[in-house]
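**Student:** This is the structure I want to talk about, given as structure tokens.
The values are calculated or read from the model by the stated rules, or taken from the named source; none is laboratory data. What you are looking at is a predicted structure, and each value in this text was computed from that prediction instead of being measured. Using ideal geometry, Cβ is built from the backbone for each residue, glycine included, and neighbour counts are taken over all protein chains shown. Accessible surface areas use protein heavy atoms only, side chains included; no ligands, DNA or RNA. Shrake-Rupley method; radii C 1.70, N 1.55, O 1.52, S 1.80 Å.
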Amino acid sequence: AGSFESSAPGPKPRPKPKPKPKPKPKPKNKPTPKPEHKPKPNPKPKPKPKPKPNPNLGLGLRYAAMAAQLEALKAQADAKLKAGDFAAAIAGYGQCVDGGGGAPALCNRSAAYLKAGQPEAALEDASAAAAEDPSYLFARFRAALALQALSRHTEAVFTLETLLRHPNASTFFSDKQKQLLFRSLKKAASALRKDQQQGRFDIATLVTLPRPPNCNNYTSAAVAVAMTPGAGRGLVAARDITEGELLFVERPHALVRARPGDDVERLYAELVKEMAKADPKKTALLTSGGDESTMAVPALADFAPASDENVDQLDAPTLRSIMEHNAFTFTPSESLGSDAEQAKGYGLWPFSAMLNHSCLPNASRVFLGDGSMLCRANRAIPEGTEIVWPYFNVFQPLVKRREESVKWGFTCACRRCEAQAAALEENAALREADAGFAASSGDSAAQRELVERIEAAVADPDPNPNPSPNPSPNPHPNPSADPKTAWVRSAYMSAYLDHSLRVLGAGADDAGAAETAFEALCAVDPSHPQVRVMCVVGMGADPGALWRDRCEHAHRVRYGSDLDGDSLERLMALTAEGVAKFSDGGEADMD
């Protein structure tokens, strides 16, 4: 019997799960391979943009061509100048000027004009160059050389001094050019000194420059120091002196400038300190009070600049006494120059201190910005006559003038004071008017009434029975036949001026009032500033020749009879500028 196998199918067996494959371990520290770099194909080059046309390129080329042409013209002109062909050089530099060469071309032509003996044209070109380019300092130097050639030494010195003080001068000029500037200044200053030593002072320039050159001392041969009757030492005319003639110019021996708020005592103390530093020999020439008849009369040479002689200084009390008897104040109304306010101060001028006082002066003084004092004759002075000027305001009543003179240690007994004293004694109406003068101050109506009372008091009791219907005004009134009435009027001048200036300024038909005031002014001091004020106001009211003629005459009396036309016009313009600042309706200032 064999085994038995069943032929029927039985259940399928479950399949065994397949094992999960184990993850392959990552290799340690194996760098990640970089993708292979495949170079990019070169891009096609972009076309370069075409350059835009420069609109200034042609202009620049033209400028370069012009500059080259100007340089060539200048070189040709330089050669002509060096060869002495000044006309051709002037023409060549003129082409440079016309071609736009500016200030340098003008200065080059100025140099050629100067070489050719045409200083006026040289100055014109130099001035045009300075105006066109103020930073081109060569223009001022060329102007100074032209001024020097024109003998305008004051302006030349001023221009060179100003140029050397310019903040850019040290960098603009080379050392060699600076040496040339200093040599030019020395030459101009020497010429100016020679001029002034001979009495030639450019007064119009000195009074208009902001910082005029320092003046040099000068004394005319027409002046002498002498003992005078009753007044001690004084100055007298050594020959006949003409109206407006320059008598002397003196620099200050000691000087202090006033500051805002200063009092007189501080100025006195400062001046005494300055006197202690000055030449004691010259200081000792002055009186410290007392009888001058016992003092020696100094020679003109004693007032010369200090020498090397050793002289002991005076003690402080003596210096103080000398100062009190001889010092001057100077104020902007008396001073000249564009910077007149800076001129205000107190000082000592030894030669000027020799002049005695009079209420009828024949000399006047003018102060310059550097403190120099100029003295001129304000009327003709015969030989042997004492030269006198006012110590104080002489256009006030007699009693006030005497009070002022007593402060100076004397009582004025001049012809005018004696004549007015006699008039007051004899004329009761005048005494009454005189007594009311102080009360009228500042009141226009009261001052006009005062003028009417004085006119009534001094009226001629026997007037001309056949007066001229249209009397012609005297162009230069200086009544010498019988000036006593004018002297009386002048004592109340502030009242007369207040009325007459109002009349002139308003154009009122009252010529008599203005004529009366003007005559009284000129009778006492024809050089007084108020004379010029009246002239300027009169010119504005009446454009005719009368007041202009008077104005010219007044300026020649004050600043010199030898003034040329240009200087006269400049000084008249300066006066007109001052008058324009005069406040309408204000009381006339006679100080």
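**Student:** For Ala588, all conditions in the list (1) buried (at least 17 other Cβ atoms within 10 Å of the Cβ); (2) over 17 Å from Asn362 (Cα atoms); (3) at pLDDT 90 or above hold save one; what is the number of the exception?
**Tutor:** So Ala588 meets the others, but not (3).
**Student:** Then there's this: What number of residues within the stretch 394-408 satisfy the criterion of being in a loop (DSSP other than H, G, I, E, B) and loosely packed, with under 15 Cβ neighbours inside 10 Å?
**Tutor:** 1
**Student:** Yes or no: the stretch 321-340 includes at least one residue that is at pLDDT 90 or above, over 20 Å from Pro210 (Cα atoms) and of a type in the set (A, V, I, L, M).
**Tutor:** no
Conditions (1) outside any helix (DSSP H, G or I); (2) at negative phi; (3) buried (at least 23 other Cβ atoms within 10 Å of the Cβ); (4) modelled with pLDDT under 95, marked per residue:
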residue: Ala77; (1), (2), (3), (4): no, yes, yes, yes
residue: Leu81; (1), (2), (3), (4): no, yes, no, yes
residue: Val97; (1), (2), (3), (4): no, yes, no, yes
residue: Gly100; (1), (2), (3), (4): yes, no, no, yes
residue: Pro104; (1), (2), (3), (4): no, yes, no, yes
residue: Ala112; (1), (2), (3), (4): no, yes, yes, no
residue: Glu120; (1), (2), (3), (4): no, yes, no, no
residue: Glu124; (1), (2), (3), (4): no, yes, no, no
residue: Ser127; (1), (2), (3), (4): no, yes, no, no
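**Student:** Further, regarding this structure: Can you find, within the stretch 341-357, the residue that is modelled with the lowest pLDDT among those that are closer than 19 Å to His528 by Cα and open to solvent by 10 Å² or more (accessible area, probe 1.4 Å)?
**Tutor:** Lys344
**Student:** Within the stretch 409-447, how many residues turn out to be small (Gly, Ala, Ser), open to solvent by 40 Å² or more (accessible area, probe 1.4 Å), touching a helix residue (DSSP H, G or I) at 6+ places or on another chain (Cβ under 8 Å) and closer than 19 Å to Val458 by Cβ?
**Tutor:** Adding up the residues that qualify gives 1.
**Student:** Follow-up. Which of the residues that make up the stretch 265-281 are in a helix (DSSP H, G or I), open to solvent by 30 Å² or more (accessible area, probe 1.4 Å) and touching a residue at least 12 places away in the same chain (Cβ under 8 Å)?
**Tutor:** Scanning the stretch 265-281 gives Tyr268, Glu270, Glu274, Ala276, Lys277, Lys281.
**Student:** Now a separate question. Of all residues in the stretch 509-547, count the ones that are in contact with an Asp or Glu (Cβ under 9 Å, 6 or more places away or on another chain) and in a helix (DSSP H, G or I).
**Tutor:** 6
**Student:** With the condition kept exactly as written, say whether any residue in the stretch 291-308 is open to solvent by 70 Å² or more (accessible area, probe 1.4 Å) and either touching a helix residue (DSSP H, G or I) at 6+ places or on another chain (Cβ under 6 Å) or modelled with pLDDT of 80 or more (or both).
**Tutor:** There is no residue in the stretch 291-308 that is open to solvent by 70 Å² or more (accessible area, probe 1.4 Å) and either touching a helix residue (DSSP H, G or I) at 6+ places or on another chain (Cβ under 6 Å) or modelled with pLDDT of 80 or more (or both).
**Student:** OK, next. If you take the residues of the stretch 309-320 that are under 21 Å from Glu265 (Cα atoms) and open to solvent by 40 Å² or more (accessible area, probe 1.4 Å), which of them is modelled with the lowest pLDDT?
**Tutor:** Restricting to residues being under 21 Å from Glu265 (Cα atoms) and open to solvent by 40 Å² or more (accessible area, probe 1.4 Å), the top hit is Leu314.
**Student:** Let me ask you something else. Looking only at the stretch 240-253, decide whether some residue is farther than 30 Å from His555 by Cα, at pLDDT 90 or above and of a type in the set (D, E, K, R).
**Tutor:** no
**Student:** Just need a number here: residues in the stretch 159-188 that are surrounded by 14 or more Cβ atoms within 10 Å (Cβ to Cβ) and of a type in the set (D, E, K, R).
**Tutor:** The qualifying residues number 3.
**Student:** Out of the residues in the stretch 114-152 that are in contact (Cβ under 8 Å) with a residue 40 or more places away in the chain and of a type outside the set (A, V, I, L, M, F, W, C), which is nearest to Ala188 (Cα to Cα)?
**Tutor:** Per the stated criteria, the residue is Gln148.
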